[in-house]
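Heads up: the structure comes next, in structure tokens.
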Amino acid sequence: MPTTDNRADQPEKVDSPSDGRQHTSAGETHEQGFWSFLQDDGEIDLRDLLRTLWRQKAIIIGTFFISVLIAGVTVFQLTPLYTADAALMIDARKTKIVDVEAVLSGISTDAGAILAEVEILRSRTLAETVVTNLGLINDPEFNGRLQPDGFWTTFMKANQIFPDEFLANFFAKKESLDLSPEQAKRKVMAGAVKSLLSNLSVAPIRRSPVIQVKFVSNNPKKAALITNTVTQLYLRDQLEAKFEATQRATRFLNDKLGDLLTKVRAAESNVDVYRRAKGLIERKGVSVDGQQMAELNSKVVLAQADRAEAEARLMQVKRLVNSGSNFDSIAEVLSSPLIQSLRRQESLVLRKASELTTEYGERHPKMINIRAEYRDLRAKIEAEVRKITKGLENQVEISRVREGTLRAALTVIQQRVVGQNRDEIKLREYEREATAARAIYSTYLNRFNETSQQSDTQSADARIISKAEIPESPTFPKKRLILLLVGVGSIFLGIVLVFVLERLDNGFRTSEQIERLTRVPSMGMVPIIRGFIKRTERVDHYVFDQPTSSVSESIRSLKTSLTLAGLDDPIKVLCITSSVPSEGKSTVASWLAQVGALSGQRALIVDCDLRRPKLHVNVNASNEKNLVEFLAGNITLEESVYVDEITGVHMIFGVQTTGNPLDILQSATMKNFVDAARQHYDFVILDSPPILAVSDAKILSHLADRTIYLVKWNATPREAVLSGLKQLLDAKVKFAGILLSMVNVKKHARYGYGDQGYYYGRYKEYYTD
């Protein structure tokens, strides 16, 4: 199958724990494969792009010729059409039914008004007037019943294929038999109007009050005539509509004024009667109760402030008294003359006591008298403070009583005001009705006077600024332009089809493609076996039987790459896995072991697929003695090994087990077995099940020195490959690389890739297969 090198933009990357490389996330591979001509730095790889287009050139050329041929045949069979156009300009005057400009039937130049005029020009009423004035009902272009017979009708009549009566009933224009002559005439008129409107184009010119009118016909003179007739009848229709509107407005306003005057008088009477009935007296726009409520509200606020201030002073005094603190900071204490006098006496006593202390002892009579005098002064001060406290308490109580009295009076006033408010609401309603009635009456009276004066000054709101001329050349079809566009479009379509086909291709085809999209090194590719394999020949012996084939050469190249990769750290145990089944793991494992055996190495293959073992089937042997039996201790290592007498390769077969294979493979016995095999053999290959099916490959990859990941050429989906790689990379597996298997070298060579697959297919004389 032909393939392309699907390169991509620099993808989202995940670090590889094995060699520092990176691989693309699975969600991006489809898009990257599609944009295969983009390099990692975002630049277009012109060579790859041209190679893709050249490879699919047949699709592009075929699309081009088919599209142009169809377009050419269609274009030259089309009837030429001619377009005549005229231009109308709308005057910038406003439309208001209650304003004098309404009488002048002015039209606003905003978008809505312009679009309204466009719809008038496209109205069925105007179109019917045009059909009647020009007699288009008798024109075959607008009356299908007058059109000549079509090709098939003429052909059948000429060759008498069917009776004339059958043709008349089959091809005749159907018409209901129960229609009256008037109804039949209206039906014909409706058809002509529909045909006229289908060819009439009316559109405003952007950001201008100009409307462009176009008509398309197969006759250039008829196109110009109909266009000019439409514009002229539109202007006449405007004048007639304006005159009728003026007459209707005058009659309407005259009738309306009488009704409005009656409503004004009734509304004003309602206001006066209701005000007298409810006693709603106002002073400067405010009611008496409202003024009283405002005054009481102010007094309540002041009383509330006085009460709060008195309570604050009382609380401060009580706090200082209870705490035994100094009372001097209290304003009432400072303003009390008695306390000030007692304070002065207290100071004199303290000073005298200080003087006597230096002369007499504590028990001296003078000292005793001084202390008694001091205690007496303190008792008087405290008694005076208590009096001040009591006075503050009385002041607080008085403030509270005053506040309560004011609030009670305010509540009474509020209740009265609420009742009056309800009455005033109704009064305001009556007043609004009277005001509105007077305003409406005044407005209509002014409009009536203006309308009466302007009834004879009507003019059209639009004018023709460009008449339609007879077109000289058809506007449809534009043959050259159509063919050019079809040609360019068909080329573009062909290119799109090429990339769609490339997009649908979701497999890997080259080593370069693998490394670009996965960031994991490629180990090369293994060709698919070409030609017929005899029943007596075994595929697993193909490398041994055909040592000079391209398949054998690819396996030897793979073995050499593994040897060079293990110069510092020899690769003795190799794990082979893939994304999905049937990608050639067991076959490649057998061939790789054979190449090792042919080079003198002791090679061992271990079939680690304990769910679907294949190795024993490939060699036509029994798997009664198998890996599970050996790990269970039922047989010895020598008993479990099968030796291929032809190639000398040692094998240990797998077997389906009822237990959990993962427990067996990650057991200490399995690890010890691999370590022992590493000592007894030069090259051990662990044939692992596919990673996306089961997780056994994660365990086996950690038992091996390196892991090879097989990808079937142009078959395994990229998402599957990247998903499997991500699982192994997350498990910290050491990769040897990715190997493309089952490569069709003949098809691969046609893609022009410069890898080894190209030479396998192009220079096949070097090989015997």
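Data overview
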quantity: Chain lengthening between A409 and F476 when straightened (0.36 nm per residue, less Cα-Cα); calculated: 14.8 nm
quantity: Candidates per GluC sites (Glu not before Pro) in the stretch 619-687, loop by DSSP, up to 15 other Cβ within 10 Å; calculated: E624, E645
quantity: Fraction of accessible area attributable to carbon and sulfur, the stretch 664-712 (%, probe 1.4 Å); calculated: 48
quantity: Projected label distance in nm at A621 and S599, using a 7 Å step from Cα toward the beta-carbon; calculated: 2.2
quantity: Gained length - L504 relative to A111, 0.36 nm times residue gap less alpha-carbon distance; calculated: 136.5 nm
quantity: Largest-first ordering by accessible area, 1.4 Å probe, given options V500, V273, V543; calculated: V273, V500, V543
quantity: Nearest-10 value in Å² for the accessible area of E295, using the 1.4 Å probe; calculated: 120
quantity: R0 of 56 Å, Cβ-Cβ distance L564-V488: FRET efficiency to nearest 0.05; calculated: 0.55
quantity: Label-point separation, K467 to D91 (7 Å along Cα→Cβ), nm; calculated: 2.1
quantity: Theoretical FRET efficiency, 1/(1+(r/R0)^6), r = Cβ-Cβ of T79 and L53, R0 30 Å, to 0.05; calculated: 0.15
quantity: Radius ratio Rg over Rh of the stretch 365-518, counting only Cα atoms, Kirkwood formula for Rh; calculated: 1.66
quantity: Computed FRET value (nearest 0.05) for E309 with R344, which takes r as the C-beta separation and R₀ as 30 Å; calculated: 0.50
quantity: Set K352/K390; K625/K726; K572/K712; K572/K726; K185/K256 screened for pairs whose C-alpha atoms are more than 31 Å apart; calculated: K352/K390; K625/K726; K185/K256
quantity: Linear extension gain, L257 paired with S582, 0.36 nm per residue minus alpha-carbon span; calculated: 107.2 nm
quantity: Cleavage-rule hits, trypsin sites (Lys or Arg not before Pro), the stretch 335-393, DSSP coil, Cβ neighbours within 10 Å at most 11; calculated: R363
quantity: Of the GluC sites (Glu not before Pro) in the stretch 487-527, those whose Cβ has at most 10 other Cβ within 10 Å and which sit in DSSP loop; calculated: none
quantity: Label-point separation, E359 to R378 (7 Å along Cα→Cβ), nm; calculated: 2.4
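The values are calculated or read from the model by the stated rules, or taken from the named source; none is laboratory data. Predicted model, so just to flag it, every value in this text is computed and none were measured. Neighbour counts are summed over all protein chains in view; Cβ atoms, including those assigned to glycine, are modelled from backbone coordinates with ideal geometry. Only protein heavy atoms, including side chains, enter the accessible area calculation; ligands, DNA and RNA are left aside. Shrake-Rupley method; radii C 1.70, N 1.55, O 1.52, S 1.80 Å.
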